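Shown next, in structure tokens, is the structure this report addresses.
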Amino acid sequence: MTIHTRMDDADRRNRLDDMAQGVLSTAMDRPDGPLKVSGRAPYAHEVQPEGMLHGVFVRAPRIGRVVSLDDAAARAMDGVETVVTDDRLLRNPAQGTANEAPVQGPREVFYVGQPIALVVARTFETARAAALSVGVEIADAERAPVAPQDYDSPDKKQSSQGDLDAAMRDAAVTVDRMYTTPAHSSAPMEPHAAIAEWDGDRLTLRGSLQMLKFNRNELADSLGIDPKNLRILSPYVGGGFGSKLGVAPEAVAAAIAAQETGRPVGVALSRQQVFEATMRRSETRQRVRLAADAEGRLTGIGHDAWVSNLPDESYSEPVTQATPFTYRGENRVIGHHVARVSRTCAGSVRAPGEAVGITVFEIAMDELAHAAGIDPVELRRRNIPDRDPTKDIPFSSNMLAQALDAGAAAFGWDDSRPAPGSRREGEWMIGQGMASAVRVNNLAEAKARVTLNPDGTALVETDMTDIGTGSYAILTQIAAEMLGLPPERVEVRLGDTDLPPGSGSGGSVGASSSGSAVFLACQGVRERLAEAMGVAETDLTLKDGQAIADNRSTPLGDVIDGPVEALGHIEPGKTSKAVRQATWGAYFAEVAVNSVTGETRVRRMHGTFAAGRILNAKTARSQCLGGMTFGIGMALTEELMHDARDGHVVNRDLAEYHIPVNADVPQITVELLMEERDPWTNPMQAKGIGELGICGAAAAIVNAIHQATGVRVRDLPATLDKVMAGLED
Amino acid sequence: MRTTLTINGATHDVDADPRTTLLDALRNHLGLTGTKKGCDHGQCGACTVIADGRRINSCLTLACMMDGVEITTIEGLGEPGDLLPLQDAFVRHDGYQCGYCTPGQICSATAMLDEVAQGWPSVVTDDLTGDASLTDAEIAERMSGNLCRCAAYPNIVDAIKDAADRTADQREAAE
Ligand code: FES
Ligand code: FES
């Protein structure tokens with residue numbers, strides 16, 4: 001039986017609140033935890049079949065056209081099996097949900113570091129040495145410049161309402177500033193990897209991938225095979241943050257090499273290749289214009305963004321995604337401009353759009369608060385709109401005010417607006433800053449199968465992935481709650497394309513979409529149980545393996561004599577357009593800036609977040625911690641640098657691309673507004689929380705630096721040199 | 001090239017290319033994939049193992065140099081159903097998300113707690129000759145060789161503190 005729901009209407013039944021098991025929303029430990037802390041959870045490159053060969057990519061040392069590839073030395077090495085230069089090799093990974101092959105062909109080089117051949121050998125050591133020995137000759141060819149020059153402004157990405165110029169002219173207070181954010185790398189700790197094994201014309205691929213139902217089609221299309229003949233396994237993913245949304249060069253190369261050699265082939269990217277041959281977040285230039293009356297009420301907003309990508313990539317960082325609805329202001333201009341460049345492909349990095357868009361916007365809001373002489377928290381409060389001011393539709397829920405108030409209280413926000421640079425402790429200058437958090441909320445189609453057994457165990461199956469987000473935990477909890485089972489009686493199987501297609505992990509849709517599919521499947525199982533007991537489903541209580549109705553409590557085994565199975569199927573519907581759906585929050589940070597060195601230390605950081613029903617208080621909190629820490633990196637250290645001559649990524653390792661380390665991160669506190677239920681989102685009234693924690697986090701720190709020092713950094717990250725230069729002025 | 005490796009108390013004869021790192025020997029030759037490769041350059045700590053009691057980056061060590069060294073990997077520390085207090089604390093405090101840096105964190109923390117017990121100071125220790133106390137700052141400083149992109153850092157600090165406290169309590173109770 002299939003229970004199918006299209007979200008065409010609000011669901012205010014709050015069915016989960018009627019359940020009795022009491023495990024949902026709790027801070028339950030992850031069921032996958034013991035495997036992870038004991039090193040027993042198998043990641044992509046860790047189930048190595050007997051006789052597996054190792055593949056290592058040859059990288060393009062410059063852009064142009066490959067004229068010759070001298071692999072004689074490589075082939076002469078003992079243990080080298082083949083050198084793959086197949087036309088099907090990918091130029092770059094597929095974009096998220098592409099569902100088809102990205103640009104292919106290893107002869108045309110569009111960025112330095114593009115994989116152009118795969119050397120396959122019996123050992124990793126030989127393959128690596130052989131790959132380095134390959135001589136590559138590249139001739140000039142017509143290519144985009146290595147740094148952004150000319151920008152296109154696609155019509156459908158520009159919008160305007162009212163008269164912003166007039167609003168700016170008539171305003172009591174204005175801000176009109178340019179800001180920049182550099183390119184970022186997801187830098188998941190597990191480098192992208194794949195192991196391919198053919199059995200006749202059937203391919204099994206173990207990969208490190210986020211969205212399997214799309215990845216299957218992307219890989220099949222890349223190889224020219226029927227997706228039915230392809231199974232992808234990705235039960236554990238060592239972090240993704242967007243970089244593993246689409247199928248990537250290693251998977252295609254491993255599959256081709258395995259076919260050529262007739263042996264299983266494993267390819268694991270080196271850290272350097274992760275930086276230069278997967279995805280980067282585009283650098284952005286952003287102009288923000290704000291017009292406000294004397295009380296700080298916004299009358300006009302302008303937000304223009306300049307970003308870049310490779311030729312023939314339709315994706316461009318959606319910087320202004322949340323600008324149309326976050327704050328009030330009847331006059332509004334939004335611009336989006338894209339340059340073609342010969343650089344590593346630009347794609348999704350955690351919270352594409354808001355991560356950099358809200359961050360910059362919230363710095364501009366801080367500038368407005370200072371210009372208007374208004375407490376920054378109060379300024380935001382005054383600008384919360386009643387409805388989406390662009391589309392003139394209601395919000396499904398807007399929790400920004402609550403998040404601001406609760407966050408300020410929890411942090412101990414000082415609203416006395418001390419003068420910048422007025423608080424000192426020895427050579428350290430102390431300041432506080434804050435920012436709002438906003439992220440659009442979406443629902444994606446997802447399916448899941450749930451089987452309840454008479455012995456009171458249940459099995460949940462979907463190709464959904466867990467990239468650290470907590471899918472194993474929350475899907476266990478949803479099923480346990482709906483079926484009245486202790487969580488240890490529920491098994492969740494993920495990351496296998498043979499299972500019903502879930503949503504995949506991306507765009508914060510995973511928990512609410514795949515979770516809703518599990519919810520619906522459980523609904524189906526409950527209906528069967530209710531039928532067997534002769535009661536209405538709503539009169540049935542399930543708890544601790546007992547079915548309770550009509551004052552009877554019956555063990556499940558007496559209600560069903562065989563497994564009961566149901567498929568849940570959720571689809572987005574009219575509610576995604578009828579109302580504006582978003583998640584909300586507020587960040588607060590206290591920094592100490594060294595007056596001698598310009599170094600910034602984050603002393604305290606707090607976030608309050610609202611994302612509908614919280615499914616697991618522990619994993620949701622961890623997602624927010626992770627996002628806020630990305631924010632610390634974005635504020636202070638993270639910057640992908642491209643060489644001005646050939647565009648190559650200069651700092652392509654973890655010693656030079658500085659993600660936050662333990663000592664950079666204080667004991668961040670997170671508060672989740674647990675009471676929110678958003679009826680428009682899905683039958684669980686839950687929203688995504690995986691990306692909310694990064695959407696503006698860096699602004700709280702940059703704003704705190706300003707409070708501490710009077711230095712306004714508008715070009716992220718706020719490295720020592722920029723702070724020092726400001727201090728000297 | 002033949003090397004005898006002693007891992008988690010068992011000896012293994014490994015016949016591997018002399019360029020094979022200890023990390024690749026574990027992962028590719030011995031099937032001990034609990035030790036992770038995050039960078040292969042000593043920059044991330046995912047490959048941390050304990051060699052004769054000290055934490056090392058196994059990607060920076062050739063397997064053939066480890067003859068006669070007692071190596072402990074995550075597989076030697078505890079298993080599901082029989083986790084060590086530190087591992088259990090990581091689960092309770094959610095000291096991980098994707099789990100990829102986690103074996104390195106746990107091996108590193110195990111040796112780190114030993115360093116503290118032996119009175120080794122760190123850069124944030126106030127009194128270089130006195131006992132180092134396990135403050136949040138001490139733990140964060142000493143664990144900064146182990147990157148976590150999921151950024152479970154605050155939880156990792158809590159987990160380590162919790163496990164250290166429990167072990168201390170147990171020691172006291174035993175005395
Ligand atoms: S893999 Fe050894 S330190 Fe990163
Ligand atoms: S748990 Fe994912 S990198 Fe640490």
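The values are calculated or read from the model by the stated rules, or taken from the named source; none is laboratory data. Model, not experiment: these values are computed from the prediction. With ideal geometry, Cβ positions are generated from the backbone for all residues, glycine too; neighbour counts draw on all protein chains shown. For accessibility, only protein heavy atoms count, side chains too; no ligands or nucleic acids. Shrake-Rupley method; radii C 1.70, N 1.55, O 1.52, S 1.80 Å.
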ask   = Residues with amide H under 5 Å of A:Val136's amide H, sequence separation 5 or more or different chain, H placed in the peptide plane at 1.01 Å from N; which?
value = A:Asp70
task = Could you calculate the contour length gain from A:Glu488 to A:Arg169, that is, 0.36 nm times the residue separation minus the distance between their Cα atoms, to one decimal place in nm?
result = 108.5 nm
inquiry  = Suppose every Lys and Arg Cβ carries +1 and every Asp and Glu Cβ carries -1, with no other charges. What dipole size does chain B come out with about its Cα centre, to the nearest 20 debye?
reply    = 700
query = Using θ = phi - 60° and the Karplus form 6.51 cos²θ - 1.76 cosθ + 1.60, what ³J(HN,Hα) does each residue of the range B:132-142 get, whole Hz, x for Gly and Pro?
reply = 7, 9, 8, 6, 4, 5, 4, 5, 4, 4, 6
request  = At q = 0.15, 0.17, 0.18 Å⁻¹, work out log10 I(q)/I(0) for the range A:1-53 with the Debye formula, treating every Cα as an identical point scatterer and leaving solvent out; two decimals please.
outcome  = -0.79, -0.83, -0.85
ask   = By Kyte-Doolittle mean hydropathy of at least -1.0 and Cα axial length of at least 20 Å, which whole DSSP H helices of chain B are selected?
value = B:102-117, B:153-174
ask   = If you add up the charges near A:Val650, with Lys and Arg at +1 and Asp and Glu at -1, over every other residue whose beta carbon is less than 13 angstrom from its beta carbon, what do you get?
value = -2
key: Phi to ³J(HN,Hα) by Karplus 6.51 cos²θ - 1.76 cosθ + 1.60 over the range A:194-204, Hz, x for Gly, Pro   = 8, 10, 10, 9, 9, 10, x, 9, 9, 10, 10
key: Relative compactness, the range A:641-719, computed as alpha-carbon Rg over 2.2 N^0.38 Å   = 1.60
inquiry  = Over the Cα atoms of the range A:386-512, each weighted equally, I'd like the Debye log10 I(q)/I(0) at q = 0.11, 0.14, 0.21 Å⁻¹, rounded to two decimals.
reply    = -0.66, -0.82, -1.14
query = Considering amide H positions built from the backbone, and no H for Pro or chain starts, which residues 5 or more places from A:Ala547, or on another chain, come under 5 Å of its amide H?
reply = A:Thr554, A:Leu556
ask   = How long are the three semi-axes of the equivalent ellipsoid for the protein assembly as shown, computed from the Cα gyration tensor as the root of 5 times each eigenvalue, in whole Å, largest first?
value = 39, 35, 31
ask   = Roughly to the nearest percent, how much of the accessible area of the range B:2-76 is carbon and sulfur, given a 1.4 Å probe?
value = 46
ask   = Assigning unit charges at the beta carbon (Lys, Arg +1; Asp, Glu -1) and nothing else, what dipole magnitude in debye, to the nearest 20, does the range A:267-313 show about its Cα centre?
value = 140
ask   = How about the range A:99-198: which chymotrypsin sites (Phe, Trp or Tyr not before Pro) there lie in a loop by DSSP and see at most 12 other Cβ atoms within 10 Å?
value = none
key: FRET efficiency, 1/(1 + (r/R0)^6) with R0 30 Å, evaluated for A:Asp9 and A:Ala532 via beta carbons   = 0.50
note = Sorting A:His4, A:His606 on solvent-accessible surface, 1.4 Å probe, most exposed first, gives A:His4, A:His606
remark   = FRET efficiency for A:Ser160 and A:Asp646 from the Cβ-Cβ distance with R0 = 35 Å, rounded to 0.05, comes out at 0.35
request  = Rank these residues by their accessible area, most exposed first, probe 1.4 Å: A:Trp413, A:Trp584.
outcome  = A:Trp413, A:Trp584
key: Candidates per GluC sites (Glu not before Pro) in the range A:109-159, loop by DSSP, up to 16 other Cβ within 10 Å   = A:Glu142
task = Could you size up the charge dipole of the protein assembly as shown around its Cα centre, putting +1 on the beta carbon of Lys and Arg and -1 on that of Asp and Glu, and report it in debye to the nearest 20?
result = 1560
key: Cleavage-rule hits, GluC sites (Glu not before Pro), the range A:1-107, DSSP coil, Cβ neighbours within 10 Å at most 11   = A:Glu50
note = Per DSSP loop assignment and a cutoff of at most 11 other beta carbons within 10 Å, chain A keeps its longest run without exposed trypsin sites (Lys or Arg not before Pro) at A:13-644
task = Could you sort the residues of the range A:167-196 by number and keep only those whose accessible area is reduced by 50 Å² or more in the all-protein-chain setting relative to the chain alone, 1.4 Å probe?
result = A:Met189
inquiry  = Per residue, how much accessible surface does the range A:207-345 expose to a 1.4 Å probe? Answer in Å², no decimals.
reply    = 22
ask   = With no solvent and one point on each alpha carbon, what is the Debye value of log10 I(q)/I(0) for the range A:506-606 at q = 0.20, 0.22 Å⁻¹?
value = -1.01, -1.11
query = For B:Arg2 and A:Ala72, what is the calculated FRET efficiency with R₀ set at 41 Å and r taken between the beta-carbons, to the nearest 0.05?
reply = 0.85
message = Please list, ordered by chain and number, the residues whose modelled amide H lies under 5 Å from the amide H of A:Leu53; skip anything fewer than 5 residues away on the same chain.
response = A:Val265, A:Gly266
query = Hull surface divided by four, with the convex hull built on the Cα atoms of chain B: how many nm²?
reply = 10.7
note = For the protein assembly as shown, the charge dipole (Cβ of Lys, Arg +1; Cβ of Asp, Glu -1; about the Cα centre) points to a positive end, and the Cα of B:Leu83, A:Ile614, A:Pro376 closest to that extreme belongs to A:Pro376
inquiry  = Could you compute how much accessible surface A:Val173 exposes when probed at 1.4 Å, giving the result in Å² to the nearest 10?
reply    = 20
Hz values of 3J(HN,Hα) by residue in the range A:698-710 - Karplus curve (6.51, -1.76, 1.60), Gly and Pro given as x = 5, 5, 4, 6, 4, 5, 5, 4, 5, 4, 6, 10, x
query = For the range B:85-170, with every protein chain kept in place, what is the accessible area per residue (1.4 Å probe, Å²)?
reply = 34
Net charge contributed by nearby residues that have their C-beta within less than 11 Å of A:Ala141 (K/R +1, D/E -1) = +1
